[in-house]
């Protein structure tokens, strides 16, 4: 069971961070030349398909993480520093996503549905900034965990 939890944890983190990278570094520049209405409708469709996968990650990561902490590492009291870093940054990333999903995303969807393109553009830019924040946190998390796990930093 520990191996399954570890595999699911790694897959969930990889998919979430990888998808954010793809969205910001590949898809966003590729859609920049589209007229606003087409670009915003496209992003509405992308986010509608992306966010359920983020919810899967948001559920899988803590469940598998806590499983591993208590069944492999002996609880938080015995866990090494990289486990605490991963836990903290993961919780922050989840909080950022939950805020984005319940506060900003509904405003974006509403603006797109009523074809209020300037308003939708403002909301999409807010989403982009929070996704960028989460991508940066995710990359820092990966680097810190890799370095701390092997004793090469801190």
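Could you run through region 1-51 and say how many residues are in contact (Cβ under 8 Å) with a residue 60 or more places away in the chain and surrounded by 12 or more Cβ atoms within 10 Å (Cβ to Cβ)?
Qualifying residue count for the region: 17.
Which condition does residue 76 not pass, out of (1) in a helix (DSSP H, G or I); (2) in contact with a helix residue (DSSP H, G or I) (Cβ under 7 Å, 6 or more places away or on another chain), if it passes all the others?
All conditions are met except number (1).
Quickly run through region 96-119 and pick out the residues that are surrounded by fewer than 17 Cβ atoms within 10 Å (Cβ to Cβ) and farther than 19 Å from residue 42 by Cβ.
If the condition is that a residue be surrounded by fewer than 17 Cβ atoms within 10 Å (Cβ to Cβ) and farther than 19 Å from residue 42 by Cβ, then 96, 98, 99, 102, 103 are the ones that fit.
Residues are listed down the side, and each one gets a yes or a no for (1) within 25 Å of residue 22 (Cα to Cα); (2) assigned to a helix (DSSP H, G or I); (3) touching a strand residue (DSSP E or B) at 6+ places or on another chain (Cβ under 9 Å); (4) without any contact (Cβ under 8 Å) to a residue 60 or more places away in the chain:
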site: 54; (1), (2), (3), (4): yes, yes, no, yes
site: 67; (1), (2), (3), (4): no, yes, no, no
site: 91; (1), (2), (3), (4): yes, yes, no, yes
site: 98; (1), (2), (3), (4): yes, yes, no, yes
site: 145; (1), (2), (3), (4): yes, yes, no, no
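So, residue 85, is that one at pLDDT below 95, part of a helix (DSSP H, G or I) and surrounded by 16 or more Cβ atoms within 10 Å (Cβ to Cβ) or not?
Answer is yes for this residue.
The values are calculated or read from the model by the stated rules, or taken from the named source; none is laboratory data. This structure is a prediction, so every number in the text was calculated from the model and none was measured. Neighbour counts run over all protein chains shown; Cβ positions are idealised from the backbone, glycine included.
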